[in-house]
Amino acid sequence: MSEQIVVFGYGPVGKAAVERLHAQGRQVRVAQRSRPAELPDGVDFVACDVLQAGQVMRIVAGADQVVVTIGFAYDGEVWRQSWPLAMSNLLAACEVAGARMVFLDNLYMYGPQDTPLREDTPLTSFGAKPAVRAEITRQWMAAATAGRVRVAALRAPDFYGPGVGLSHIGDVGFGAIARGKRAFLIAPPDMPHDFAYVPDVGRAIVSLLDATDDAFGQVWHMPSAPTLTPRQILEIGARAIGMTPKISALPLWLLPAIGLFVPLLRGMVEMRFQWDRPYHVDAAKFKARFWSDVTPFEVGAAATARAFKAAAAGKGSVTP
C-alpha cells in the first residue's frame, strides 16, 4: 500500500511541497478550511479546521506522514489562543495514527539576536508572537522527547518567490515594480536579511519527509542564498524584466504610531528586531545532512519578477 501524506495548509509553501510530491507520483491530500482555487489533478482535498480536535484526528487517521504549513492572522492574541490548541490537536492525531510530522516554522522564537541564528539558540520569552512560537516549540519537543510523536521542524526566514504576494518583498516590492510603480517596503531596504525561496522550502520539506527517523525530534534551519539586502534582491528582479526600480520604505520608528490605525502593522511592531540589524540564519546543519544548492537570487528573483509581470499583464496570478 502506498504512503499517505496529509498537508495541512495550501499557502505558497504548502503548494510548493504538494506540487513536488505530486510530480513524484506520491499520494497526497490537502487539508484546510476551504478548498484551494487550484489543485493538481489527482490531489485530494478535505475540509478541516485545525482548531477542532475531532476533525484533525479523523483526517490524520491512516496517514503515514503529515506536513504542517498553516498560518493564523498576524495578531498576538489570535496566536496565543490558536497556536497551542492547533499544535496539541496535531500532536495528538499524529500520536494516535503513528504518523511523522514535518512542521514548517519561522524563527521568531529566538527573539532579538546579534549573531547568526543557530538551531541551539535559546528560546525567548520576548513579545507576544515570539513567546507563542517558543511555547509551541516546547510542546512538540516534549512530545518528541517522550517518544509520543516523531516531529521535525523546518525553520525558515522570510519567503519570496513567484506568486508569493504576502512577503516583505512580494506584492509591495516585486509586484509594484512589475506594475511600473514605486516599491514601498515595511522594512529597511538596505539592511542585510536572509530570504528563503519558496520552491526551495518545498524541496526541503520533501527532503525531511524522505529522511530516516534520526532526522526527527530536532530542528533544521532552511538554507538560503548568500545574504543580500531587499534593495539588492529587488534590483536583480527588476533587471530581469527591464525595469529600473524605485524603492522607498516606512521608517521603523513610525511603526508604533501607524500601527494604531493599521492592524497588520500593529502586529509587526514587536518584530522590529528582525529588521533593525543584519539578519542571518546559520543553516550549516541542514546543508551537511541534505543539500546546499539553493536557488541563487539571480535565478529566483528573476523568476519572481517575471511572474509578477505576467500577473500584472493578466497572464498569471499571485497568491497570498
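Derivation of every value follows stated rules applied to the coordinates shown; laboratory data play no part. Keep in mind that this is a model prediction, so the values were computed, not measured. Here Cβ is always computed from backbone atoms with ideal geometry, including for glycine, and neighbour counts include all displayed protein chains.
If neighbour count is taken as other Cβ atoms inside 10 Å, put 140, 291 in order from fewest to most. Walk me through the numbers on the way to the answer.
Numbers: 140 25, 291 13.
So the ranking, lowest neighbour count to highest, is 291, 140.
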Item checked: Listed residues 249, 187, 302, most fluctuating in the chain (Gaussian network, C-alpha, under 10 Å) -> 249
Next item on the list: Give the angle, between 0 and 90 degrees and rounded to the nearest 10, that separates the Cα long axis of helix 76-97 from the longest principal axis of the Cα atoms of the chain.
Entry: 40 degrees
Next item on the list: Using only Cα atoms, tell me the angle between helix 12-23 and the longest principal axis of the chain; keep it within 0 to 90° and round to the nearest 10.
Entry: 60 degrees
Notebook entry, point to check: Over the chain, with a single point scatterer placed on each C-alpha, what log10 of the ratio I(q)/I(0) does the Debye formula yield at q = 0.10, 0.12, 0.13, 0.16 1/Å?
Noted result: -0.56, -0.83, -0.98, -1.49
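Share of antiparallel DSSP beta bridges in the chain, in percent to the nearest 5?
Values: 1 of 36 bridges.
The answer is about 5 percent antiparallel.
Sum -39500 (n - 2.57) across every DSSP H segment of at least 4 residues in the chain, then divide by the residue count to get the 222 nm mean residue ellipticity, nearest 500.
Numbers: 10 runs with 116 residues, N = 320.
So the helix-based figure for the chain works out to -11000 deg cm²/dmol.
Run the numbers for residue 288 and residue 213: contour at 0.36 nm per residue of separation, minus the present Cα-Cα distance, in nm.
Values: separation 75, 0.36 × 75 = 27.00 nm, distance 1.68 nm.
Fully extending the segment from residue 288 to residue 213 adds 25.3 nm.
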Check: Which value in nm describes the separation of the simple spin-label points at residue 299 and residue 2, placed 7 Å from the Cα toward the beta carbon?
Finding: 2.8 nm
Note to self: With a 10 Å cut-off between alpha carbons and a GNM built on the chain, which of 105, 120, 49 moves the most?
What the structure shows: 120
Check: Taking the Cα atoms only, what angle lies between the long axis of helix 198-209 and the longest principal axis of the chain, rounded to 10 degrees?
Finding: 20 degrees
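Tell me, what does the Kirkwood hydrodynamic radius of the range 190-320 come to in angstroms if you use every pair of distinct C-alpha atoms? The partial results should precede the final answer.
Working: mean 1/r = 0.0581 Å⁻¹.
Averaging 1/r across every pair of different Cα atoms and inverting gives 17.2 Å.
Computed FRET efficiency, Cβ-Cβ of residue 23 and residue 179, R0 41 Å: what is it to the nearest 0.05? Provide the component values of the computation, followed by the final result.
Details: r = 31 Å, r/R0 = 0.76.
It comes to 0.85.
What net charge do the residues around residue 226 carry, taking every other residue with its C-beta under 12 Å from that of residue 226, with Lys and Arg at +1 and Asp and Glu at -1? Write down the numbers at each step before the final one.
Values: positive: none; negative: 194, 298.
With Lys, Arg at +1 and Asp, Glu at -1, the neighbours total -2.
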